[in-house]
Amino acid sequence: MAHDLPEWVAELTDPRRAETLDGLADRLVPLAEHAIDVSRRLQAQLNELNDPFKREALYGRVERLKARAGEALDEITAEIAASGEERIERVWADWADKTGPGERGERERELRRMLDRDIVPALSERQRDVAEQVAERSSGALEEATQTLLTRVEELAKAVTDLIHDVLPLAREGLTLASRISALSGQARRAGRGPVPDELKDAGAETTRAFDEAVARLELEWAALGARSATVRAALRGAEESAFSRVTEEMTRCVEELAPEHVKALNEAEARARTLFEESAQG
């Protein structure tokens, strides 16, 4: 849908429509400011594009990966510990169902001492062994994932640096043009009042054409750079997520490999606990 501006907008911003020296100077002022504005916007976007590759941003990205990996490992470690506790609690629940409240007391305290002596140490050692193996595998995966992340960021940083070096002269071109327009505006004011001389009229027309061409390029580059910035941010985020997935996949793989032996150890611990409880009941 077209959105047309009022006719006076073109009248007051096109130096070619000026009939007097003051009118020419007045119309050149907004052109200079427009050139400055688009140049600054372009420079700001270049700075924003470069920000994710500064040292502190890179450090933060690596630390964020380590923190997320640590949280995932803590969750797995907690699940490993909970698996043993659940088995023991299941045995306790069965024993409690078969034993009246009045029959517990000292028997319960004695059973807990026996569990702490004969069952819990071996079960805890098994849980620590599994957790340590998962942690060791995770540490290796984290190191590899971090190196891959850094390599990808470095490759992306090189491409961004090349892009910045290509675009930066355009931003400077806008500032140079603004200076040229301001100088012409000052010349028109110093020329006094009255009609615009042919020399200044030609200079105004030429400057306007240069402005239209330069600003069109700058605005187009600004829009393209915005899309490129979004792509770079998405790529960085994708690299982080890929690195984290590499670590969690190794954690999952390690847990799956250790699961059969761990379940076997849990079953044996539960069986020993039940035997302990049964022998205590018979005694």
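The values are calculated or read from the model by the stated rules, or taken from the named source; none is laboratory data. Just so it is clear, the structure is predicted and the values come from calculations on it, not from any experiment. Neighbour counts are summed over all protein chains in view; Cβ atoms, including those assigned to glycine, are modelled from backbone coordinates with ideal geometry. Quick note on the areas: whole protein, heavy atoms, side chains included, nothing else; ligands and nucleic acids left out. Shrake-Rupley method; radii C 1.70, N 1.55, O 1.52, S 1.80 Å.
Looking only at the stretch 165-193, filter to residues that are of a type in the set (Val, Ile, Thr) and surrounded by 18 or more Cβ atoms within 10 Å (Cβ to Cβ); which one of those is farthest from Glu48 (Cα to Cα)? Here the residue is Ile181. Condition check for Arg61 on (1) closer than 30 Å to Phe244 by Cα; (2) out of contact with any Pro (no Cβ under 9 Å at 6 or more places or on another chain): one failure, at (2).
Within the stretch 236-254, residues that are within 16 Å of Leu73 (Cα to Cα) sit with their Cβ atoms under 7 Å from residues that are polar (S, T, N, Q), at 6+ positions apart or across chains, in these pairs: Ala243/Thr146; Ala243/Thr148; Val247/Ser138; Glu250/Ser138; Met251/Ser138; Cys254/Gln133. Restricting attention to the stretch 82-95, the residues that are at pLDDT below 70 and either of a type in the set (A, V, I, L, M) or over 17 Å from Glu279 (Cα atoms) (or both) add up to 0. Looking at the stretch 194-208 only, could you name the residues that are part of a helix (DSSP H, G or I) and either open to solvent by 60 Å² or more (accessible area, probe 1.4 Å) or of a type in the set (Phe, Trp, Tyr) (or both)? Asp198, Glu199, Lys201, Asp202, Glu206 - these are the residues of the stretch 194-208 that are part of a helix (DSSP H, G or I) and either open to solvent by 60 Å² or more (accessible area, probe 1.4 Å) or of a type in the set (Phe, Trp, Tyr) (or both).
Checked against (1) in contact with a Lys or Arg (Cβ under 9 Å, 6 or more places away or on another chain); (2) closer than 21 Å to Ile80 by Cβ, Thr252 passes all but condition (1). Quick check on my filter: what residues within the stretch 59-70 are closer than 21 Å to Leu156 by Cα and either open to solvent by less than 60 Å² (accessible area, probe 1.4 Å) or not in a helix (DSSP H, G or I) (or both)? The answer is Gly60, Arg61, Val62, Leu65.
Yes or no, residue by residue, for (1) at pLDDT below 90; (2) among the β-branched types (Val, Ile, Thr); (3) over 19 Å from the mean Cα position of the chain (by Cα):
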{"site": "Leu200", "(1), (2), (3)": "no, no, yes"}
{"site": "Glu240", "(1), (2), (3)": "no, no, no"}
{"site": "Glu250", "(1), (2), (3)": "no, no, yes"}
{"site": "Ala265", "(1), (2), (3)": "yes, no, yes"}
{"site": "Gln282", "(1), (2), (3)": "yes, no, yes"}
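For the list (1) modelled with pLDDT under 95; (2) open to solvent by 50 Å² or more (accessible area, probe 1.4 Å); (3) farther than 29 Å from Leu170 by Cα; (4) not basic (Lys, Arg), I need the number of the one condition that Ala224 fails. Condition (3) is where Ala224 drops out. Return yes when Glu56 is without any contact (Cβ under 8 Å) to a residue 40 or more places away in the chain and within 30 Å of Thr148 (Cβ to Cβ) and no when it is not. The answer is yes for Glu56. Considering the stretch 121-153, the residues that are within 19 Å of Ala259 (Cα to Cα) and among the aliphatic types (A, V, I, L, M) include one that is most open to solvent (accessible area, probe 1.4 Å), namely Ala122. Could you say which residue among Leu73, Leu111 is modelled with pLDDT under 85, assigned to a helix (DSSP H, G or I) and buried (at least 16 other Cβ atoms within 10 Å of the Cβ)? Matching residue, one of Leu73, Leu111: Leu111. Can you find, within the stretch 9-32, the residue that is surrounded by the fewest Cβ atoms within 10 Å (Cβ to Cβ) among those that are among the acidic types (Asp, Glu) and part of a helix (DSSP H, G or I)? Per the criteria, the residue is Glu11.
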